[in-house]
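Visitor: Mind having a look at this structure? Questions to follow.
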């Protein structure tokens, strides 16, 4: 494994000193604030007190007026609305949110979630046929549709008006839909481009409230569902997303959504602080499990039910399926690791492309993430059958996966996504040609320096600075997430206090205490067993970490969550 490089984030020291002076703060706290662009009282107020009145006008989004006018017409004429959601967490939470919102304002709507294996990604013919079958007047897509040219044409033939709500980057041409609401349209002036599918659906609901005369509380009361989509899609927790997540977490604490509460119970999260991290790692995988190994519409059923018994049943079922998914993922990850070590020439290949016949298409995205992390380079994992291959891609900072796939489009039947995560499909017979071309593209665009993993550090910290004021400040910076990650600190020249332990089923978690002067602090490093040797050399160490808390027997203690360990320079 390549040793990560520690890079200190650059910041204007004059700004840091000004923040320290303005707010009477220690230098470390001032530095963390300045790195997040909080340099004045006004910026501080916006950041620490997210306010729903600071949301942007939804009608700044292109086509929002057309979409709202059409939906209000359907409502006034008592016509049926079909909501079509993608099968991932962002898609299912978007569909669940709109279903709950329309129910709140007494409007009839139905939802349809495609089957991952039979229908594939995006708007499907079966979904359009279902809309027609139930007599729907309009078809609203959530988290997909921006490149669905043929399907939108098919819906138009069936005399269905399609309203696309999406956030994925489109091509220069757009489908012939009635309205396309997407802040990432090249011609859309919307000021915040970081919305996910669920937050675009949320903006649509707020616009319907504004134009239709409904109380916006009908949208805000379901911000907990939107928050799940925002967290799972790893969009920046900044601007409007930060405001929605702040409200959504408060809403979750009220336990008004039976499905979310049931997921908290089965995941043993009730009573614990709700954080974006816990939503991403504990709750989102259960919702994702619905579509990975079975019928994704169960996720919408769970999030929209008013029956506590049904909520409990579905949550327990998804808990079991998620455990089964973990087993399948582990098996495929081990296969993939073996293939990298036996078939890949990492000296001369700056990307990893693997394909196999029996790999479950529902988990290949998770496997791609693991391979990317392990080898610090873009990874594409393909599930192939005799005819077709479906793949999931994960990229590294600075290498745009969608642009790279565009250069290989001659070998693909479809692709789309984000610079860091994307999906693709191809004829299985083209796999080897695609692999060769993609690695060539990666080799041309990625330098050896790009392949060195980097830990970006906010500040050096002395352990004595970890006092109640610092902890209060770090808690006030919640909600954390992309764009507002937990600050990473480095502390140098620490001594080990006591004997380090290896914990967990795989003995892969390090736990030990560190001391600088007097007070020992507990440290934990997940998947960091390979650093154990450094800890038993009786030499000082440097650590990179985020500050967390451990709950045990009702007690909260500070815990340093490790990112990396190095022997101190004068002892290395």
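Visitor: Within region 484-548, which strands (runs of 3 or more DSSP E) (wholly inside it) include 2 or more residues that are within 22 Å of residue 466 (Cβ to Cβ), under 32 Å from the mean Cα position of the chain (by Cα) and free of Cβ contacts under 8 Å to residues at least 40 places away in the same chain?
Guide: 509-515, 520-525
To keep it simple, each residue is scored yes or no on (1) in contact (Cβ under 8 Å) with a residue 40 or more places away in the chain; (2) surrounded by fewer than 17 Cβ atoms within 10 Å (Cβ to Cβ); (3) outside any strand (DSSP E or B); (4) within 18 Å of the chain's Cα centre (by Cα).
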residue	(1), (2), (3), (4)
139	yes, no, no, no
150	no, yes, yes, no
173	no, yes, yes, no
176	no, yes, yes, no
185	yes, no, yes, no
189	yes, yes, yes, no
204	yes, no, yes, no
215	no, yes, yes, no
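Visitor: A follow-up question, please. In the set 248, 277, which member is under 30 Å from residue 35 (Cβ atoms), in a helix (DSSP H, G or I), in contact with a strand residue (DSSP E or B) (Cβ under 8 Å, 6 or more places away or on another chain) and touching a residue at least 12 places away in the same chain (Cβ under 8 Å)?
Guide: 277
Visitor: Right, residue 448: within 30 Å of residue 394 (Cα to Cα), at pLDDT below 95 and loosely packed, with under 14 Cβ neighbours inside 10 Å or not?
Guide: Numbers: within 30 Å of residue 394 (Cα to Cα): yes; at pLDDT below 95: yes; loosely packed, with under 14 Cβ neighbours inside 10 Å: yes.
For residue 448, the condition - within 30 Å of residue 394 (Cα to Cα), at pLDDT below 95 and loosely packed, with under 14 Cβ neighbours inside 10 Å - is met.
Residues checked against (1) without any contact (Cβ under 8 Å) to a residue 40 or more places away in the chain; (2) farther than 18 Å from residue 393 by Cα; (3) crowded, with 16+ Cβ neighbours inside 10 Å:
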{"site": "326", "(1), (2), (3)": "yes, yes, no"}
{"site": "334", "(1), (2), (3)": "yes, no, no"}
{"site": "341", "(1), (2), (3)": "yes, yes, no"}
{"site": "378", "(1), (2), (3)": "no, no, yes"}
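Visitor: Here is a further query. Any residue at all in region 496-509 that's assigned by TED's automatic domain parsing to the domain that holds residue 563 and within 16 Å of residue 566 (Cα to Cα)?
Guide: Checked against the condition, which is being assigned by TED's automatic domain parsing to the domain that holds residue 563 and within 16 Å of residue 566 (Cα to Cα), region 496-509 yields at least one hit.
Visitor: Among the residues of region 464-472, are any under 26 Å from the mean Cα position of the chain (by Cα), touching a residue at least 24 places away in the same chain (Cβ under 8 Å), surrounded by fewer than 17 Cβ atoms within 10 Å (Cβ to Cβ) and part of a helix (DSSP H, G or I)?
Guide: Yes, region 464-472 contains a residue that is under 26 Å from the mean Cα position of the chain (by Cα), touching a residue at least 24 places away in the same chain (Cβ under 8 Å), surrounded by fewer than 17 Cβ atoms within 10 Å (Cβ to Cβ) and part of a helix (DSSP H, G or I).
Visitor: Then there is this: Residues to consider are 237, 230; find the one that is farther than 17 Å from residue 54 by Cα and either touching a helix residue (DSSP H, G or I) at 6+ places or on another chain (Cβ under 8 Å) or part of a loop (DSSP other than H, G, I, E, B) (or both). I'd like the intermediate steps shown before the answer.
Guide: Working: 237 fails: farther than 17 Å from residue 54 by Cα.
It is 230.
Visitor: For residue 111, are the conditions met, namely being within 28 Å of the chain's Cα centre (by Cα), on the phi < 0 side of the Ramachandran plot, surrounded by 20 or more Cβ atoms within 10 Å (Cβ to Cβ) and part of a loop (DSSP other than H, G, I, E, B)?
Guide: no
Visitor: From the residues in region 300-318 that are surrounded by fewer than 17 Cβ atoms within 10 Å (Cβ to Cβ) and either in the same structural domain as residue 113 (by TED's automatic domain parsing) or touching a helix residue (DSSP H, G or I) at 6+ places or on another chain (Cβ under 8 Å) (or both), which one is nearest to residue 104 (Cα to Cα)?
Guide: Checked region 300-318; the qualifying residue nearest to residue 104 (Cα to Cα) is 306.
The values are calculated or read from the model by the stated rules, or taken from the named source; none is laboratory data. Bear in mind the structure is a predicted one, so any value in this text is a computation, not a measurement. Reconstructed Cβ throughout: ideal geometry from the backbone, glycine too, with neighbour counts over all protein chains shown.
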